[in-house]
Amino acid sequence: MRISLTVNGEKFRLEVEPRRTLADALREDCGLTGTHLGCEHGVCGACTVQVDDSAVRSCLMFAVQCDGHTVRTVEGLAAPDGTPHPLQSAFTAEHALQCGFCTPGFLMLAAAALDEDPAITDDPDRLRELLTSNLCRCTGYESIRRAVRRAADMPGPPD
Amino acid sequence: MKPAPFDYAAPATRQEVLEALAVAPDGTRVLAGGQSLVLEMNQRAARPHRLVDINNVADFDRLEVDRAEQDGGWLRVGALVRHRAFEQPVESGPLGRLLARTAHFIAHPPVRSRGTLLGSLAYAHPTGEWPTLAVTLGAELVLASADGTRTLDAESFLIGPFTTALRPGELLEEARFPLLRPTTGTAFVELRRTAASFAHLSAATALSVEDGIVVDVRLGMAGIAPQPVRARDAEHRLVGRPPTDSVIAEAATVAAAGVTDPPPDPHSGSAYRRHAATVLAERALVKARQDISEEVERP
Ligand SMILES: Cc1cc2nc3c(=O)[nH]c(=O)nc-3n(C[C@H](O)[C@H](O)[C@H](O)COP(=O)(O)OP(=O)(O)OC[C@H]3O[C@@H](n4cnc5c(N)ncnc54)[C@H](O)[C@@H]3O)c2cc1C
Ligand code: FES
Ligand code: FES
């Protein structure tokens, strides 16, 4: 099927089989390999991207479902001049990654949540509920939690 | 793994959806939130020949409170209302609060922003939160096909684990939850290992107390039978009596005793489940009683 979708502000016209997941379309057809695939079961969250501003599992959506929609991936977080997004700076500052496999998913999860309601970091229960969405097998979650809190206190995102 | 090939249709109206489902009903599946179906397709546990994606139908996200009816009224939920919509109360009474409490148990935010309440009912996981609530509250379900519509109550709809009364070519179009009277306290409690797994067991209740006496109660349990069940014997023990600790404890024991052999799994054997069922039923009733004093002001 022919589809067109906007990824990180760029329009992509793709020819995909209906069974192509959004994750595979991003990685294989758009060449955006920042989105990672762990479980393909919706559990790990490594594949989390934003579709029309909400964080979703790109392994559990088909690319054809995004025809005409807007997708944002980790490659779209930094400003066009390369200035990192506050979350990216905060993850560095708080050592919120080791191998980095889970990082794109956590960044997109947290970015969507902060865009929607920055006050989420003031409520430990809500922040914890949000961060249970994704798995990290290296750092432990405490540094990730600190990073998201730090990002919320930093000056607004570059876009 | 990757899904097997399939044909895909994404109609924009109800009529077109029903026509698309009627073309080759047997190999066709409805695609709603995809949060169970796509993962089964990734595992190739499901290999539909054709998907009818309902996400483009504008008015399927209807969510309405219908107070006009004489029997107390209904909350009507359309086929594209996502789990997320219920995180904040959708109506100001006890039902809105109960749905909000329950929504937070389901998976996590990204899954909740795609998955739908009706999709959960159609998926019929034996401890799915919405199926449990639908049975507990006596929700009515509207099924539509090219041949017309029919209405079933939740208990007749959920006939086993992952098994419903949906016929090939049928769409689950609406769920109607009865509104609860203002004097009702509610609770949803469960036992689960992780936030990303389904519950082992759960208990849901809506307890109405007037002048210190239980006037109406619903108690539903999941994980103790192949599908969610209502503990009617326990409900009968409660009605007409004051909801004291001892009355609640008695009802909870009855709730667990009336259970068919709970399905064992590697994490919880049958005996453990039966014991845990008593504890959860009691916890749910105590919480509901407390909810009345907090939310309704005790008479
Ligand atoms: C990591 C993870 C954790 C989860 N944890 C929980 C949990 O704790 N509790 C819980 O309840 N659920 C959980 N889920 C499942 C989630 O709630 C799903 O959203 C739900 O089971 C299915 O709803 P859906 O809209 O995504 O349906 P889909 O995945 O689109 O469909 C599921 C099935 O129902 C059929 N179907 C869907 N809608 C209709 C309709 N309107 N008419 C007819 N047939 C229909 C489909 O054909 C398919 O067979 C979890 C999922 C994931 C990925
Ligand atoms: S790869 Fe999508 S959630 Fe794990
Ligand atoms: S940094 Fe390695 S999985 Fe999270």
>> Which count do you get for residues in the range B:213-245 that are touching a residue at least 40 places away in the same chain (Cβ under 8 Å) and either at positive phi or among the charged types (D, E, K, R) (or both)?
In response: 4
> List the pairs whose first member sits in the range A:131-153 and is within 20 Å of residue A:119 (Cβ to Cβ) and away from every other protein chain (no Cβ under 14 Å), whose second member is open to solvent by 30 Å² or more (accessible area, probe 1.4 Å) and of a type in the set (Gly, Ala, Ser), and whose Cβ atoms are under 7 Å apart, counting only residues at least 6 apart or on separate chains?
Replying inline: A:150/A:93
> Checking residue A:91 against (1) within 15 Å of ligand 2 (Cβ to nearest atom); (2) crowded, with 22+ Cβ neighbours inside 10 Å, which single condition isn't satisfied?
Replying inline: (1)
> Do we have any residue at all in the range B:69-86 that's away from every other protein chain (no Cβ under 14 Å), in a helix (DSSP H, G or I) and either open to solvent by less than 80 Å² (accessible area, probe 1.4 Å) or under 25 Å from residue A:38 (Cα atoms) (or both)?
Replying inline: yes
> With respect to residue A:83, is the statement that it is open to solvent by 10 Å² or more (accessible area, probe 1.4 Å), closer than 20 Å to residue B:1 by Cβ and away from ligand 3 (no atom under 16 Å from the Cβ) true?
Replying inline: no
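Can you go through B:38, B:30, B:52 and tell me which one is crowded, with 21+ Cβ neighbours inside 10 Å and within 9 Å of chain A (Cβ to nearest Cβ)?
B:38
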> What is the residue count in the range B:193-249 for residues that are within 28 Å of residue B:106 (Cβ to Cβ) and of a type in the set (D, E, K, R)?
Replying inline: 6
> Restricting attention to the range B:91-109, which residues are away from ligand 1 (no atom under 16 Å from the Cβ), open to solvent by less than 40 Å² (accessible area, probe 1.4 Å) and not in a helix (DSSP H, G or I)?
Replying inline: B:91, B:93
> For the range A:101-126, what are the residues that are surrounded by fewer than 20 Cβ atoms within 10 Å (Cβ to Cβ), within 17 Å of residue A:48 (Cα to Cα) and either within 13 Å of ligand 3 (Cβ to nearest atom) or among the hydrophobic types (A, V, I, L, M, F, W, C) (or both)?
Replying inline: A:101
>> Can you go through A:80, A:18 and tell me which one is facing chain B (nearest Cβ under 9 Å) and over 20 Å from residue A:147 (Cβ atoms)?
In response: A:18
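Please note which strands (runs of 3 or more DSSP E) are completely contained in the range A:16-101 and include at least 3 residues that are in contact (Cβ under 8 Å) with a residue 40 or more places away in the chain.
Fully inside the range A:16-101 and qualifying: A:48-51, A:70-72.
The values are calculated or read from the model by the stated rules, or taken from the named source; none is laboratory data. Owing to the predicted nature of the structure, the values given are computational and were not obtained by experimental measurement. Positions of Cβ are generated from backbone atoms using ideal geometry, with glycine treated the same way; all protein chains shown enter the neighbour counts. For accessibility, only protein heavy atoms count, side chains too; no ligands or nucleic acids. Shrake-Rupley method; radii C 1.70, N 1.55, O 1.52, S 1.80 Å.
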